[in-house]
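Structure first, then comments.
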Amino acid sequence: MDPRGSYSYGSEGPATAVAEQPQPHSANKKLPVLVTGASGLVGTHTCRELSKNGWQVRALIRDPAKAAMALGQLPVEFRVGDVRDATALRSSLAGCGAVVHLAAIAIEKKGESYTESNTAATERLISAARAQNVQRLIFMSQNGADSRSPYPFLHSKGVAQDSVKTSGLRWTVLRPSVIFGPEDQFVNVLGRLIRLTPKIFPLPGGGTARFQPIAVDDVARVVRLSLEKKETVNQSYDLGGAVPLTLRQMTERILTAMNTDRKLVPVPVRMLRPLVALAERLLPNPPVTSSLLDLLALDNTVSNNALTEVFKVVPIPFAADELQYLRRITARNALRSLFERR
């Protein structure tokens, strides 16, 4: 089999078996909507956004203690299970009217590969949704995701994205640039690295990599609007924040938010590779991996921003006032995070 082709797993059958598309309509608000990855950053904010707007939310979670801390104040029904488990998916989807599929990994680790957690899990979800007659699916992809991509993360999301589009379900694909908010895995990582680097801060490739950071609350709002608007069925949307920013510009705003100073020093990516590889071998939770370092070579901005053009959302700016959560980062907890097993 071509390793870059589509995948099918288990006994559920190919995710592309249904050829005829049903007539588009919005999701039924009287039925629960299942949110996978519900206790993650986007999941938590999505559950909150849906709940406060009258949706019944069913959260698929792996860690009940973590979910209770993140979602305990919301009227959310918990289902404990793993998106890689077909039986758990079918059980969790029973009686639902829609599913928001957020669960994915950005960094591979022991027992969790891109192929299994991003690609195969999505195909299992599609099969389970068909088995339970859940027709509406919102899929969180990634800006730049493409089944032809040479980058493993973007390839895995691209293959999953293709499966969603050929599933026969009423799908919407969302493709955000980098998402920021409390507990995010990009801006917070930069903040922790800043705390661990006195005086100077190395900028990979001179900090010329371009992003269009989008606030997690804006992403959650788009998820809800996608469920509510029938026009979003069978559509794919690129999402970005107010303006494109280079890594240097983002770092400068992070430094302002953290009320600290560093001299920003350009460092060629090739010089960082041995250090990143060493960190991957020695640390349980490395802040950067070789595969993510590779992604700095790609432009992560959006040319047609559906956040403003389609959903008419005024973006929350990537500004110091919106990044105050970074002040909670100390050198001590930044160091401790490197040794946490997740």
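Worth pointing out:
- Accessible area (Å², 1.4 Å probe, nearest 10) - LEU272: 30
- In the context of the full set of protein chains, residues of the chain present 46 Å² of accessible surface per residue (probe radius 1.4 Å, heavy atoms only).
- Legend: calculated FRET efficiency, GLN235 to GLN185, from the Cβ-Cβ distance at R0 = 22 Å, rounded to 0.05, equals 0.25.
- Over the chain, relative contact order from alpha-carbon pairs under 8 Å, at least 6 apart, %: 18
- Taking trypsin sites (Lys or Arg not before Pro) across the range 291-338, the ones in a DSSP loop with at most 10 further Cβ atoms lying within 10 angstrom of their Cβ are LYS312.
- Placing pseudo-labels 7 Å out from each Cα toward the beta carbon at VAL269 and GLU112 gives an inter-label distance of 2.4 nm.
- In the chain, taking the dipole from charged Cβ atoms about the Cα centre, the farthest positive-side position among GLY205, LEU154, VAL33 is held by GLY205.
- 5 Å binning of all Cα-Cα separations within the range 19-102, expressed as whole percents from 0 upward: 3, 16, 27, 24, 17, 9, 3, 1, 0
- Set the Cα radius of gyration of the chain against 2.2 N^0.38 Å, with N its number of residues, and you get 0.98.
- In nm, spacing of pseudo-spin labels at ARG328 and ASN304 (7 Å Cα→C-beta vector): 3.8
- Overall form of the range 62-174 per C-alpha gyration tensor (a/c, 1.5; a/b vs b/c): oblate
- Spin-label pair GLN249/ALA68, simplified geometry with 7 Å Cα→Cβ offset, distance in nm: 4.5
- Entries of LYS110/LYS312; LYS52/LYS230; LYS157/LYS199; LYS66/LYS263 with Cα pairs more than 32 Å apart: LYS110/LYS312; LYS157/LYS199; LYS66/LYS263
- Rg/Rh for the range 237-295 (Cα atoms only, Rh after Kirkwood) is 1.04.
- Each distinct pair of alpha carbons in the range 233-342 adds a 1/r term; the inverse of their mean, the Kirkwood radius, is 16.9 Å.
The values are calculated or read from the model by the stated rules, or taken from the named source; none is laboratory data. Note that the structure is a prediction, hence the values are computed from the model and not measured. Positions of Cβ are generated from backbone atoms using ideal geometry, with glycine treated the same way; all protein chains shown enter the neighbour counts. Note: areas computed on protein heavy atoms with side chains; ligands, DNA, RNA excluded. Shrake-Rupley method; radii C 1.70, N 1.55, O 1.52, S 1.80 Å.
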